[in-house]
Amino acid sequence: MAGSTRSATNRAAAAATRFSAKLRGVSDASIAWIFIAPTILLLLAINIFPLLWTIYLSFTNFRANQPGRPVRWIGTRNYERLLGSEDIWGYLQATAHFVIWTMILQIALGFGLALLINRNFRGASFWTTIILIPMMLSPAVVGTFWTYIYQPQTGIFSYIIDFFAGTGALDMIGSVTLAPWSIIIVDTWMWTPYIMLLCLAGLRSIPDYLYEAAEIDRANALQKFWYITLPRVLPFLMLAVLFRGIENFKMFDLVVELTSGGPGSTTELASINLKREAFEKWRTGYSSAFAIILFVTIFGLGNIYVKVLNKVKS
Amino acid sequence: MRAKKIAAVAGGAVLAAMSGAHAQDKEITLCWAAWDPANALVELSKDFTSSTGIGMNFEFVPWTNFADRFLNELNSGGKLCDLMIGDSQWIGGGATYGHYVKLNDFFDQEGISMDDFLPATVYAYSTWPKGTPNYYALPAMGDALGWVYRKDWFSRPELQDAFKAEYGRDLGVPSNWNELKDVASFFQGREIDGETRYGAAIYTERGSEGITMGVTAALYPWGFKYENEQGSYDMEGAVNSAASVEGLEFYKSLYDCCSPPGHSDAYMVANLDAYKSGQVAMQMNWFAFFPGIAKDEVVGGDISGFFVNPGQNIEASTLGGQGISVVAYSDKQDLALEYIKWFAQPDVQAKWWALGGYSCHQAVLGDPGFAATAPFAADFLKAMSGVQDFWQEPIYAELLLAMQQRVHDYVVAGKGTAQEALDKLIEDWTISFEDDGKL
């Protein structure tokens, strides 16, 4: 038995030697290509090809539910319709409103919570766990149960607001003014812990000696925050904003469950409209053009943001 | 001896496996929405299995995902469903894109006559192009939009007196939309048995088809038409006629004055909930739910009454209901056709009605005693004589979503005017028909 194991080991070693002898004649660049080729092929298949295909489709009248229909090249007509549509600008505005306000609130609250938790008070770990629970839930579930919380007659949200402000039954989801805020509140409730977590990582990475040096220099609490804490946490914070910004730009499930884009089109975010155009109306060419516009917007903004982030880091 | 035993066991196993595979071959899957009539169909189909030996599987999806789920199934050529009870509006796409099997030859061969079914249901559920004798479905489930009201509240003397004092007439089933609004206004915010009640639960759902079905229940009686001439796609002056604008304005005023708080995204289930929980005096809903309401422990029996969609300028109701089709991608079309042949029999149709399904068969509906079989039976007959349906074009989903957006924007979100909403709707529909090569 031992003999057979040894001979197998020998055979494997001989094979490895033969392989390395063969490789000896291959350049380093070629070896590198051999190793990265599968990944590149995979990327081409699942990222680059669909992107190029989508770009092509955006110039056609293609409908995915009518495969037998002749595909006609229609030039930039889809883009002209999109850019000339009042509705599309409305969806983009609704998206921008959602992204900007969720970012502002989540950063303020997330950073604040991180500063509190970082004080390492008794029970800090317990409270950290409790605070993290919302982000562990499924957005579809969160959306569904918040519709009950927002219910004007039986929901607790309306009851609490009415109790303190005497507003009467508050129809958060059915009101044009309040519906955009209803989705902002839920997203903030759900994702503030994520920002808190990243900020906490930033705060924990600040060495104590910096604060000790500041103490010696008689810096007050505000100065310590402004000159030590904030600059040290800023890269983490900006990273969190990047992640959440991209996520919220393509927000879908939570809003569909909460408002279905309504009332009217008040909370119809770009991603919801894109899904409706692509998979309910089956206007594949048109929705491809919309997807490309969204991609270019996110990609462009993301790139600018990453450059700023790098500057902040350096 | 031992070898013989082994051979016997092996032979038995092979036979069992073969019979299992055979049993699986003799099974078909029927796809429909998950709602009360689907349960009745499960019950009914047991007779089919016992008489033919063909097993039945059912794939039921809630209404909110019904179109999404099964249209994707059809568009992708899926083999999940052998039989499809698809919405009436699917018939154009089902026929044009080849999802449904054309049934003319089969009907001829089996002696199934479309004259045996209510003409309105044959037109709506079976034919494409509309009104031509090209059949892609057998009328399976007749349905229309109707109303349910709290008969017990309506009959209370103190409420009757109060209503008469306010409106100068008796509190009763409304005969037109103006009267319906009066009744709804009367109940809105009224204290009954210590609880605040509201007027009417109407359809306002945004995501699928809800608000369109609700709005058209008002638009049709006002005289709304999709085209100036059928098949012309000439919509200017029809869709946005003065009567249509008035009908849409009325629906919004009904939503504003008389719906319960938070009723801004409500369809069938939300209306049922609002009604059963005692929030509202009236609800609009499909006749399909009426057997369940009539039998309900809380609001059933004498507590609830039913009435047909009120007229205004004309008598008209929004069409619901579905036909049953054989899916063209099914490998078991022969078994599926067997089911349709069985389902078309008058005695099966009679049992279908008795179990809570809405038969479209003349033998059932034309029976002199039919109107007395249920408290809503007479209203159902009346409704089916004046039904109108949404576009049944292959691109109906696109047309429907445009209407959902425009009317929800106006009725619920209060954006713009009714005239603007209908004008924009024509613009949307024109683009859709241009893209589809119809204009």
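The values are calculated or read from the model by the stated rules, or taken from the named source; none is laboratory data. Here the structure is a predicted model, which means the values were calculated and not measured. Neighbour counts are summed over all protein chains in view; Cβ atoms, including those assigned to glycine, are modelled from backbone coordinates with ideal geometry.
A single member of A:225, A:243, A:249, A:299 is at negative phi and in contact with a helix residue (DSSP H, G or I) (Cβ under 7 Å, 6 or more places away or on another chain), and it is A:249. Whether a residue is part of a helix (DSSP H, G or I), over 30 Å from residue B:306 (Cα atoms) and charged (D, E, K, R) was assessed, and residue B:398 passes this test. Assessment of the range B:60-82 against the conditions (hydroxyl-bearing (Ser, Thr, Tyr), surrounded by fewer than 20 Cβ atoms within 10 Å (Cβ to Cβ) and out of contact with any strand residue (DSSP E or B) (no Cβ under 6 Å at 6 or more places or on another chain)) yields at least one matching residue. For residue A:150, are the conditions met, namely being hydroxyl-bearing (Ser, Thr, Tyr), over 26 Å from residue A:198 (Cβ atoms) and free of Cβ contacts under 8 Å to residues at least 12 places away in the same chain? It is false that residue A:150 is hydroxyl-bearing (Ser, Thr, Tyr), over 26 Å from residue A:198 (Cβ atoms) and free of Cβ contacts under 8 Å to residues at least 12 places away in the same chain. What about residue B:167, is it under 25 Å from residue B:131 (Cα atoms), of a type in the set (Phe, Trp, Tyr) and away from every other protein chain (no Cβ under 14 Å)? No: the conditions fail for residue B:167.
Residues of the range B:157-170 being surrounded by 14 or more Cβ atoms within 10 Å (Cβ to Cβ) and either in a loop (DSSP other than H, G, I, E, B) or in contact with a helix residue (DSSP H, G or I) (Cβ under 7 Å, 6 or more places away or on another chain) (or both), which ones?
B:159, B:163, B:167
Cβ separations smaller than 9 Å between residues 6+ apart or across chains give the following pairs from the range B:196-215 residues that are within 13 Å of chain A (Cβ to nearest Cβ) to residues that are part of a strand (DSSP E or B) and at pLDDT below 95: B:209/B:87.
The set of residues in the range B:381-405 being within 17 Å of the chain's Cα centre (by Cα), among the aliphatic types (A, V, I, L, M) and more than 10 Å from chain A (Cβ to nearest Cβ) consists of B:381, B:383, B:384, B:387.
Listed by first and then second residue, the pairs linking a residue in the range B:171-195 that is crowded, with 16+ Cβ neighbours inside 10 Å to a residue that is modelled with pLDDT of 95 or more and basic (Lys, Arg), with Cβ atoms under 6 Å apart and 6 or more places separating them unless they lie on different chains, are B:187/B:197; B:190/B:197.
Restricting attention to the range B:421-439, does a residue exist that is within 29 Å of residue B:290 (Cα to Cα), touching an Asp or Glu at 6+ places or on another chain (Cβ under 8 Å) and either within 14 Å of chain A (Cβ to nearest Cβ) or part of a helix (DSSP H, G or I) (or both)? There is no residue in the range B:421-439 that is within 29 Å of residue B:290 (Cα to Cα), touching an Asp or Glu at 6+ places or on another chain (Cβ under 8 Å) and either within 14 Å of chain A (Cβ to nearest Cβ) or part of a helix (DSSP H, G or I) (or both).
Tell me yes or no: at least one residue of the range A:101-121 is more than 30 Å from residue B:259 (Cβ to Cβ), of a type in the set (Phe, Trp, Tyr) and out of contact with any Leu (no Cβ under 9 Å at 6 or more places or on another chain). For the range A:101-121, residues more than 30 Å from residue B:259 (Cβ to Cβ), of a type in the set (Phe, Trp, Tyr) and out of contact with any Leu (no Cβ under 9 Å at 6 or more places or on another chain): present.
A single entry from B:342, B:286 fulfils the requirement of being assigned by TED's automatic domain parsing to the domain that holds residue B:112 and more than 24 Å from residue B:96 (Cα to Cα): B:342. Checked against the criterion of being surrounded by 18 or more Cβ atoms within 10 Å (Cβ to Cβ), under 27 Å from residue A:293 (Cβ atoms) and under 29 Å from the mean Cα position of the chain (by Cα), the range A:112-131 contains not a single residue that satisfies it.
Which of the helices (runs of 4 or more DSSP H) found entirely inside the range B:79-128 contain at least 1 residues meeting this: within 14 Å of chain A (Cβ to nearest Cβ)?
Once the helices (runs of 4 or more DSSP H) in the range B:79-128 are filtered for at least 1 residues that are within 14 Å of chain A (Cβ to nearest Cβ), what remains is B:91-96.
Checked against the criteria, residue A:285 does not count as within 14 Å of chain B (Cβ to nearest Cβ) and without any contact (Cβ under 8 Å) to a residue 40 or more places away in the chain. Restricting A:262, A:302 to those that are modelled with pLDDT under 90, under 29 Å from residue A:137 (Cα atoms) and out of contact with any Asp or Glu (no Cβ under 7 Å at 6 or more places or on another chain) reduces the list to A:302. Name the helices (runs of 4 or more DSSP H) wholly inside the range A:116-188 in which the number of residues that are modelled with pLDDT of 90 or more and either small (Gly, Ala, Ser) or within 21 Å of residue B:412 (Cα to Cα) (or both) is 3 or more. The helices (runs of 4 or more DSSP H) meeting that bar are A:139-150.
The numbered conditions (1) within 14 Å of another protein chain (Cβ to nearest Cβ); (2) under 20 Å from residue B:138 (Cβ atoms) are all true for residue B:64 except (2).
Considering the range B:406-420, the residues that are surrounded by fewer than 24 Cβ atoms within 10 Å (Cβ to Cβ) and assigned to a helix (DSSP H, G or I) include one that is farthest from the other protein chains (Cβ to nearest Cβ), namely B:419.
Looking at residue B:279, is it polar (S, T, N, Q) and touching a helix residue (DSSP H, G or I) at 6+ places or on another chain (Cβ under 6 Å)? So residue B:279 does not fit the description; no. Pairing residues of the range A:212-231 that are surrounded by 12 or more Cβ atoms within 10 Å (Cβ to Cβ) with residues that are basic (Lys, Arg), at Cβ distances under 7 Å and at least 6 apart in sequence or on separate chains, gives A:214/A:224. Taking every residue in the range B:420-439 that is among the basic types (Lys, Arg) and pairing it with any residue that is surrounded by 15 or more Cβ atoms within 10 Å (Cβ to Cβ), at least 6 positions away or on another chain, the pairs with Cβ-Cβ distances below 6 Å are B:424/B:406; B:438/B:233. Looking at residue B:367, is it more than 14 Å from every other protein chain (Cβ to nearest Cβ) and touching a strand residue (DSSP E or B) at 6+ places or on another chain (Cβ under 7 Å)? No.
Going through (1) within 11 Å of chain B (Cβ to nearest Cβ); (2) closer than 22 Å to residue B:252 by Cβ; (3) buried (at least 16 other Cβ atoms within 10 Å of the Cβ) one by one, residue A:180 falls short only on (1). Across the range B:189-211, a minimum of one residue is classified as in the same structural domain as residue B:262 (by TED's automatic domain parsing), assigned to a helix (DSSP H, G or I) and under 20 Å from the mean Cα position of the chain (by Cα).
Can residue B:211 be described as within 22 Å of residue A:174 (Cβ to Cβ) and touching an Asp or Glu at 6+ places or on another chain (Cβ under 9 Å)? The answer is yes for residue B:211.
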